[in-house]
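The values are calculated or read from the model by the stated rules, or taken from the named source; none is laboratory data. What you are looking at is a predicted structure, and each value in this text was computed from that prediction instead of being measured. Ideal geometry is used to build each Cβ from the backbone, glycine not excepted, and the neighbour counts take in all protein chains shown.
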Amino acid sequence: MRGSTISGLGRYVPKRIMTNAELEKFVDTTDEWIVSRTGIRERRIAEPDEASSDLAYEASKEALEDAGIRPDQIDLIIVGTATPDMLFPATACILQDRLGARRAGAFDVSAACSSWAYGAAVAHGYVASGQADTVLVVGAETLSKITNWKDRGTSVLFGDSAGAVVMTASEPGTGFLSFHLGSDGSGGSLIALPAGGSRLPASYETVERQQHYLTMNGREVFKFAVRCIPRAIEEAVKRAGLAIEDVDLFIPHQANIRIIDAAAERLGQPKEKFFVNVELYGNTSSASVPVALYEAVRAGRIKKGDVAVMVAFGGGLTWASCAIRWTMKTQTSRQ
Ligand code: ACO
């Protein structure tokens with residue numbers, strides 16, 4: 001088996017910034033509560049006519065340019081998203097058409113906030129086994145479209161963005177070193193969007209009951225995340241044949257600074273080894289890890305030869321982690 005690596009990165013965040021002060025005007029909350037309980041100061045919100053595929057398109061264009069790859073060289077497009085443009089066709093197919101990636105297969109992965117990491121694991125399988133040479137893996141979300149803006153338990157947490165990577169073949173022992181995927185469907189009701197599927201088709205009643213919005217038991221998800229992240233990191237490190245001290249940078253799902261700090265403490269690792277940008281974007285679900293990776297690389301926090309461990313968790317319940325030995329030269333010029 002050959003290896004797989006990341007050879008191009010892109011990200012897109014909508015222009016509109018919503019601060020905590022703006023939220024204070026229409027939901028019963030305060031900037032002080034949001035910052036102290038989550039670390040979030042602002043988030044990006046897509047325009048009314050902007051869908052997840054639009055964000056995915058912008059991020060993908062940058063990733064392809066970064067990799068020096070033309071759209072017709074892509075073998076496969078995988079989009080991780082909890083907010084697809086529609087139930088079907090897949091957002092990946094909409095993206096395939098817009099990019100003009102005429103040779104590419106395309107499908108979506110649905111694992112809530114873990115979707116991009118699940119997609120990267122699938123892409124690794126395709127590239128390492130020789131079934132594909134070039135895979136575009138995107139995490140794209142417009143959570144603002146499924147947020148109940150009157151629910152202070154969720155509306156303060158989420159934001160919109162997209163991150164994209166181009167994955168290509170590498171020498172064994174370089175690039176991705178390990179993947180670990182997990183799920184616990186018994187916790188499915190903790191984060192859900194109840195209506196609009198085959199169990200509860202959309203109707204006047206479901207809209208009246210606001211079942212087309214995301215619901216979450218934040219306290220239980222918090223407990224799950226604090227348990228799950230350290231274990232998932234340890235598993236990725238073990239499968240890579242490394243020790244935790246060998247990891248140069250951890251890139252966790254950006255849901256809540258308290259979750260990230262708790263994970264660092266449980267692992268006995270300094271907080272400085274955890275990349276954080278939750279203050280700028282909030283929780284952008286499957287886009288959160290690739291956007292954080294992009295910003296970490298552009299900020300020079302990961303250099304060629306470094307080991308990074310990425311970890312995501314979310315609805316399903318799902319979790320996913322991976323270790324990568326970075327193969328790209330750092331480009332700090334385009335921040
Ligand atoms: N502003 C002010 N007060 C609030 C707010 C708010 N926005 N939200 C809740 N409160 C109040 C509650 O009503 C409660 O008041 P009470 O004590 O009078 O009942 C108090 O604050 C504490 O509420 P908790 O829910 O216990 O607050 P907690 O410290 O757990 O923080 C939070 C809530 C931020 C949601 C936290 O539980 C969390 O981050 N959970 C994890 C969420 C997450 O990571 N989701 C990721 C997956 S999402 C996906 O997959 C799409």
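A few notes on this one:
- Check on ASP261, at pLDDT 95 or above, of a type outside the set (Ser, Thr, Tyr) and more than 16 Å from the ligand (Cβ to nearest atom): no
- Residue within the stretch 191-198 that is under 23 Å from the mean Cα position of the chain (by Cα), within 15 Å of the ligand (Cβ to nearest atom) and buried (at least 19 other Cβ atoms within 10 Å of the Cβ) present: yes
- Hey, LYS303 touching a Ser or Thr at 6+ places or on another chain (Cβ under 7 Å) and of a type outside the set (S, T, N, Q) or not: yes
- Matching residues in the stretch 133-151 - criterion: being more than 11 Å from the ligand (Cβ to nearest atom), under 22 Å from PHE224 (Cβ atoms) and β-branched (Val, Ile, Thr): none
- Total residues in the stretch 145-165, condition surrounded by 22 or more Cβ atoms within 10 Å (Cβ to Cβ) and either of a type in the set (Lys, Arg) or under 15 Å from the mean Cα position of the chain (by Cα) (or both): 9
- Being within 15 Å of the ligand (Cβ to nearest atom), closer than 19 Å to THR83 by Cα and either among the aliphatic types (A, V, I, L, M) or out of contact with any strand residue (DSSP E or B) (no Cβ under 8 Å at 6 or more places or on another chain) (or both) is true of ALA255.
- Verdict on THR206 being hydroxyl-bearing (Ser, Thr, Tyr), at pLDDT 95 or above and touching a helix residue (DSSP H, G or I) at 6+ places or on another chain (Cβ under 7 Å): no
- When the stretch 291-335 is limited to residues that are within 16 Å of the ligand (Cβ to nearest atom) and among the small types (Gly, Ala, Ser), the one that is surrounded by the most Cβ atoms within 10 Å (Cβ to Cβ) turns out to be ALA312.
- Any hit, the stretch 21-35, residues being assigned by TED's automatic domain parsing to the domain that holds VAL156 and under 21 Å from the mean Cα position of the chain (by Cα): no
- Scanning the stretch 264-276 for residues that are within 26 Å of VAL79 (Cα to Cα) and crowded, with 24+ Cβ neighbours inside 10 Å turns up nothing.
- Residue pairs whose Cβ atoms lie under 6 Å apart, sitting 6 or more positions apart in sequence or on different chains, and linking a residue in the stretch 146-162 that is more than 11 Å from TYR213 (Cα to Cα) to a partner that is surrounded by fewer than 24 Cβ atoms within 10 Å (Cβ to Cβ) and among the acidic types (Asp, Glu), are ARG152/ASP28.
- Extreme residue, nearest to the ligand (Cβ to nearest atom), among residues of the stretch 272-290 that are part of a loop (DSSP other than H, G, I, E, B) and not β-branched (Val, Ile, Thr): GLY282
- For GLU50, the stated conditions do not hold, so it cannot be described as in contact with a strand residue (DSSP E or B) (Cβ under 6 Å, 6 or more places away or on another chain), of a type in the set (D, E, K, R) and surrounded by fewer than 24 Cβ atoms within 10 Å (Cβ to Cβ).
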